[in-house]
Each structure stands twice: as C-alpha cells, then as structure tokens.
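Step one of this worksheet: look at the structure below.
Here, each number is a calculation from the coordinates, and none is a lab measurement. In this text, all values refer to a predicted model and were calculated from it rather than measured experimentally. Virtual Cβ from ideal backbone geometry, glycine too; neighbours counted across all protein chains shown.
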Amino acid sequence: MEGIIAIIGIALAAFVIFCIYFFFKQLEFVLVSVNLYRKMVNRQDAMIQLLIDIRDNTKSYEPNVIHALDSSDASSTKGKIGVDYDASGVITQVFSGGAASDAGIKVGDKILKVGGKPVPSGNRELIIAMLAGAPSTELNVDIQRGTEQLAFTLRRS
C-alpha cells in the first residue's frame, strides 16, 4: 500500500510541476504577445506621423500654379489635383477640368516625386498621403512621360 501511495505522490508532484511549468509558459506567451502588440502600435503611430510629416512638408513652391478641380469627391476636406493612379504611381485617370488635366498630365504618366521627395512604388496609401493636403495649397509634382521628366506645380482644389 505504501508503494501505491508513493507512486501517487510522485505522480501528483509531477502533475503539479507540469502545471506550474505550463502556467509560466502561458505567462511568457502572454508577455511576448503584449510586447509584440506594443511594438506594432508604436510602428503604426510612427508610420502615421511619417505620413503626416510627408503631407505637411509640401508647402513652398514656385510660380506657374494651376488651379485644381476634382470631380471625384467635391465634399472632401482634402485638396485634390484631379488624377487617379495605381500603387506604382502610374496615372490611370485624369479628371477633366482638374489641375493635372489643365497642366497636360496624361494617363500613363508616372509620378516620380511629390514636393521633391521620391514616390515609393507599390504603396498607394503613401502616395495618397504625399499628394494630400489642404485645398488651395500648391504642390510640385515630377512626372515621367516616356524618357522625358516633366515638372508641374499644381494647386489642390
């Protein structure tokens, strides 16, 4: 009988040790998850601030300003230049009566720089942030058309 009690005691001790080990492993997982979540939130905050800085750093420009009118969203509080584009910055649509149309920007032109800063290929949201700004503010845009590089100063509507 004492042998059975000893075996049960050893099994119970092993079970308790396993439960304690499992508890600490779960706690470690939770702490790692919380740390990763905090890093993700910090990176999102940093990316949002970067987008705001890029947008707000496009304020001083040269003459030859063209006024913009964008038929795509007249109720927006963000200024528009009258174009749509894909993730690589290639213009897919030019709205008639917009600043881009008035300047002679064409479908197929590729946006190279906005406010003197290179446009990242493959990130449409960042391009949107770079082009966004308050209505009636000016914006320098460098375009590639074939082998030519063209510079335009546009005014957001």
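A few points about this structure:
- Net lengthening on full extension, LEU12/GLN93 (0.36 nm per residue, minus Cα-Cα): 21.9 nm
- Where labels lie 7 Å past Cα in the beta-carbon direction, separation of GLU2 and ARG145 in nm: 10.1
- Taking every C-alpha pair closer than 8 Å and separated by at least 6 residues, the mean separation divided by the residue count of the stretch 99-157 gives a relative contact order of 38 percent.
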